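Some notes on the structure that comes next.
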Amino acid sequence: MLNIMSNANIIDGRKTRDALLPELTEKIKTLLKPPTLAIIQVGNRDDSNSFIKAKKSFAAKIGVLERHIQLLESVSTAELVKVVQECNAEQNIQGIIVQLPLPIGIDRDSVIDAIDPRKDADGLTAKNVKAWLEGRGDATMPATARGIKELLAFNGIDLFGKKVTIIGRSMLVGKPIAMMCLNENATVTVCHSKSENLANETKSADIIISAAGKSRLIGKDHVKAGQIVIDVGISRDVEGKLTGDVDFDVVKDVVAAISPVPGGVGPMTVLGLFQNLVDLYKPTTVFSW
Ligand code: NAD
């Protein structure tokens with residue numbers, strides 16, 4: 001049963017996030033002290049700046065401290081790894097994120113895997129991903145997958161037994177979403193840039209989750225009545241307008257419910273990140289990594 005908020009068929013990520021805020025802020029008040037999130041940025045990309053701004057303002061809103069470390073674009077992998085290690089060693093930091101993408105030439109995996117899994121608020125280190133795939137209780141769900149899980153659950157959309165088609169197979173987004181859906185007992189199809197006849201795969205789904213980063217890839221020929229569409233993509237069209245993967249204006253008139261861009265998955269990913277941070281902040285937990 002759908003419990004769609006506001007407009008008839010809009011799955012509103014901002015309203016969902018705001019509705020889930022009190023539970024998170026209450027949890028934070030029970031901690032020994034406010035947790036601190038280290039946000040490591042390399043360079044000065046406009047999109048990274050705006051994502052970081054959103055994270056900082058959310059942190060302030062919920063009583064979490066943040067430490068923004070911005071490094072020059074020319075930083076080497078070794079120097080960046082050293083900064084991550086310093087954050088690992090710093091007792092006053094409970095969570096660390098490295099804002100992606102990193103500049104070409106930096107070894108992303110070495111940097112991400114330098115994060116202590118006990119401080120891995122985005123849930124992206126290889127050690128954490130392995131633990132999460134194995135279903136270990138002390139593992140962290142990657143923030144985007146957690147945000148989507150919460151968005152669906154809050155809006156009354158059950159994944160159990162549903163056919164879900166995911167577009168995108170990246171380690172950052174597509175694969176974690178696929179695993180989350182599997183864990184929620186959905187039947188999952190994962191499409192990618194080499195998939196043939198994408199429309200066949202999307203049309204046969206109950207729920208479409210698109211994370212390709214291709215502006216308006218999903219049009220009216222990819223959808224049918226009754227479907228739920230979750231748009232993870234963030235890109236700009238030829239006119240520079242911020243869009244998702246889905247041609248929102250036409251698809252919204254066909255499907256049962258759709259999440260917009262902006263205002264859909266984005267706010268929920270930020271929520272997922274801070275939920276992860278709070279879960280990581282367990283001074284008494286003995287980890288067995
Ligand atoms: P990526 O480029 O690493 O991966 C894109 C994936 O889409 C690939 O697996 C590719 O095979 C697939 N793809 C590309 N073109 C396709 C096509 N025409 N048909 C089918 N599949 C195609 O990107 P990513 O890091 O996974 O991010 C994907 C999108 O999600 C980006 O727009 C990114 O900005 C966005 N994103 C949003 C949030 C959020 O919170 N809303 C969080 C992270 C990423």
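Rounding to the nearest 20 debye, state how big the charge dipole of the range 143-266 is about its Cα centre with +1 on each Lys and Arg Cβ and -1 on each Asp and Glu Cβ.
The dipole magnitude comes to about 260 debye.
Say the cut-off is 19 Å between C-alpha atoms; which of K203/K252; K53/K149; K27/K61; K127/K149 go over it? Flagged as over cut-off: K53/K149; K127/K149.
The Kirkwood hydrodynamic radius of the chain, based on inverse pair distances between different Cα atoms, is 19.5 Å.
Here the chain has 53 percent of its accessible surface on carbon and sulfur atoms, given a 1.4 Å probe and all protein chains in place.
Dipole magnitude for the chain: computed about the Cα centre from +1 point charges on Lys and Arg Cβ and -1 point charges on Asp and Glu Cβ, it is near 340 debye.
Farthest toward the positive end of the dipole of the chain, out of N185, A139, P35, is the Cα of P35, where the dipole comes from beta carbon charges about the Cα centre. Sites count as exposed loop sites when they are GluC sites (Glu not before Pro), lie in a DSSP loop, and have at most 10 other Cβ atoms within 10 angstrom; the longest stretch of the chain without one is 1-133. For the range 31-124, the relative contact order comes to 37 percent (Cα pairs under 8 Å, sequence separation of at least 6).
The angle between the Cα long axis of helix 143-154 and the main principal axis of the chain comes to about 50°, on a 0 to 90 degree scale. Rounded, prolate or oblate: pick one for the range 31-124, where a ≥ b ≥ c are the square roots of the eigenvalues of its C-alpha gyration tensor, a/c under 1.5 means rounded, and failing that, prolate if a/b is larger than b/c, else oblate. Oblate is the answer for the range 31-124, as a/c is 1.5 or above yet b/c matches or exceeds a/b.
Averaged over its residues, the chain has an accessible area of 47 Å² per residue, based on protein heavy atoms and a 1.4 Å probe. Whole-percent P(r), the range 181-249, all Cα pairs, 10 Å bins from 0: 20, 52, 25, 3, 0. Distance from the alpha carbon centroid of the range 108-146 to that of the range 32-102 works out to 16 angstrom. The orientation-averaged projection of the convex hull spanning the C-alpha atoms of the range 139-182 amounts to 3.2 square nanometres.
Hey, got a sec? Which chymotrypsin sites (Phe, Trp or Tyr not before Pro) in the range 121-164 land in a DSSP loop and have at most 10 other Cβ atoms within 10 Å? Loop-located and lightly packed - F160. Across the range 1-80, the relative contact order, built from alpha-carbon pairs under 8 Å that are at least six residues apart, equals 31 percent.
Please state the shape class of the range 82-154: rounded when a/c is under 1.5, otherwise prolate if a/b exceeds b/c and oblate if not, all from the C-alpha gyration tensor. Prolate, because a/c is 1.5 or more and a/b exceeds b/c.
Short-range pairs are left out: with C-alpha atoms under 8 Å and at least six residues apart, the relative contact order of the chain is 21 percent. Of T140, T189, the order by accessible heavy-atom surface (1.4 Å probe, DNA, RNA and ligands excluded), from most exposed downward, is T189, T140. DSSP beta bridges confined to the chain are antiparallel in about 5 percent of cases.
The values are calculated or read from the model by the stated rules, or taken from the named source; none is laboratory data. Nothing here was measured: the structure is a model prediction, and the numbers come from that model. For neighbour counting, all protein chains shown are included, and Cβ atoms are generated from backbone atoms with ideal geometry for every residue, glycine included. For the accessible areas, the whole protein counts, side chains as well, though only heavy atoms, and no ligand, DNA or RNA atoms are used. Shrake-Rupley method; radii C 1.70, N 1.55, O 1.52, S 1.80 Å.
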